[in-house]
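The structure under discussion appears below in the form of structure tokens.
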Amino acid sequence: MDGQLDRRAELSEFLRTRRARLKPEDVGLESFGRHRRVPGLRREELAQLAGVSVAYYTRLEQGNGQNVSAEVLDAIARALRLTDAEQAHLTHLARPRQQRRRASAGRSQQRPVRVALLQLLESIETVPAYVTGRRSEILAWNRMAAALFGDWGKLPAAERNWARLVFLNPDYRDLFVDWDQKAYDMVSFLRMDAGRHPDDPRLSALVGELSVKSEEFRRLWATHDVKEKSYGVKRMRHPLVGELTLSFETFRLVDDDEQCFVTYHAEPGSPSAEALRLLASWGTDAATSLPA
């Protein structure tokens, strides 16, 4: 893969896959005939729903989003029943000029984590917490994160990356009980990054490497699904304390929207809370038993 992702191809495939997942009856249209040559909606059906000409929509789906208006994109997003994340991704791909205001020669370089944020991480002694950046890079973490996920400090900087760990480190398949969901989420986050930064050579190189080395990554990447990092629950199988059920929260930094502060916590009084307490008491000794 070369130094950047093909934005026009990304736009084309994203629209095609969103259209393919809808059936006429899903959007109140009649399905004429039992045999349809294409899965999902036809282009003319989608154009009708969005209130644009078939020729206009066809040009857009062929990757030509030049001069498309926000109003037209909103209409197409409604017709395709896109989520908020999917609509944002569509805008990133179709109207890239809006995303290039901060473009510079060093655009692909990650900004360092602020000192105050590093100090905050160190002060949190009972909750696993870490900071991620663009391309799912792990930028900073506290002692509890190392006890839960492994000592990332022992890894070369290039390997401190969630996508690489999930798809290329077999031990993380054991760590995450619902590994398939974790893998899906990771690819969806990377897709969102790719829409924002299609000209990032390091992101393109990461996608290329994972596509070559992981069949699961290739399959998930081809779905063109996107998600924003948010909150939820993860189940983990720790080699020292067994299974944990933890809630995670993601906070995107105000001064750098490419960095996220992520925390994991257990329900008070639960077995998982006791397991975290044990990990906190073991500290770095717990980290030595983990995959990183």
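The values are calculated or read from the model by the stated rules, or taken from the named source; none is laboratory data. Every value quoted in this text rests on a predicted model; they were computed, and no experiment measured them. Every residue, glycine as well, gets a Cβ built from its backbone with ideal geometry; the counts of neighbours run over all protein chains shown. Just so you know, the surface numbers come from the protein's heavy atoms only, side chains and all, with ligands and any DNA or RNA stripped out. Shrake-Rupley method; radii C 1.70, N 1.55, O 1.52, S 1.80 Å.
Multiplying the residue separation of residue 17 and residue 255 by 0.36 nm and subtracting their alpha-carbon distance yields 82.3 nm.
Other residues whose C-beta falls under 15 angstrom from the C-beta of residue 132 contribute a net charge of +4, scoring Lys and Arg +1 and Asp and Glu -1. A cut-off of 5 Å between modelled amide H atoms, ignoring neighbours fewer than 5 places along the same chain, links residue 141 with 131.
According to the Cα-based calculation, Rg over Rh for region 178-234 is 0.97, with Rh computed by the Kirkwood formula. Taking amide hydrogens as placed 1.01 Å from N in the peptide plane, the amide H of residue 176 sits under 5 Å from those of 237, each at least 5 positions away in sequence or on another chain. What you get for the chain, charging only the Cβ of Lys and Arg (+1) and of Asp and Glu (-1), is a dipole of about 980 debye around the Cα centre. Straight-distance candidates among the lysines for linking to residue 234, with alpha-carbon spacing under 26 Å and chain neighbours fewer than 8 residues away dropped: 154, 182, 213. As a fraction of the 1.4 Å probe accessible area of the chain, surface on carbon and sulfur atoms comes out at 49 percent.
Residues whose amide H comes within less than 5 Å of that of residue 151, counting only those at least five positions distant or on another chain, are 290, 292 (H built at 1.01 Å from N in the peptide plane). Solvent-accessible surface of the chain, averaged per residue with a 1.4 angstrom probe and all protein chains in place: 50 square angstrom.
Across 244, 118, 29, mean-square fluctuation computed from a Gaussian network of the chain (C-alpha pairs under 10 Å connected) peaks at 29. Coupling constants for region 182-189 follow from the phi torsions by the Karplus curve (6.51 cos²θ - 1.76 cosθ + 1.60, θ = phi - 60°), and in residue order they are 4, 5, 4, 4, 4, 5, 5, 5 Hz; glycine and proline get x.
Please report the relative contact order for region 141-234, taking Cα pairs under 8 Å with a sequence separation of at least 6, and give it as a percent rounded to a whole number. That works out to 30 percent. Here the 3J(HN,Hα) profile of region 135-144, calculated from phi with Karplus coefficients 6.51, -1.76 and 1.60 at θ = phi - 60°, is 6, 6, 6, 8, 9, 7, 7, 9, 5, 5 Hz, Gly and Pro shown as x.
Computed from phi, the 3J(HN,Hα) profile of region 223-229 under the Karplus parametrisation 6.51, -1.76, 1.60 (θ = phi - 60°) reads 6, 6, 6, 9, 8, 9, 5 Hz, with x in place of Gly and Pro. In this calculation the C-beta distance from residue 114 to residue 180 is compared with R0 = 35 Å, giving a FRET efficiency of 0.50. Residue order by solvent-accessible surface for 138, 124 is 124, 138, largest first, with ligands and nucleic acids left out and a 1.4 Å probe. In the distance distribution for the chain, Cα-Cα pairs more than 23 Å apart total 59 percent.
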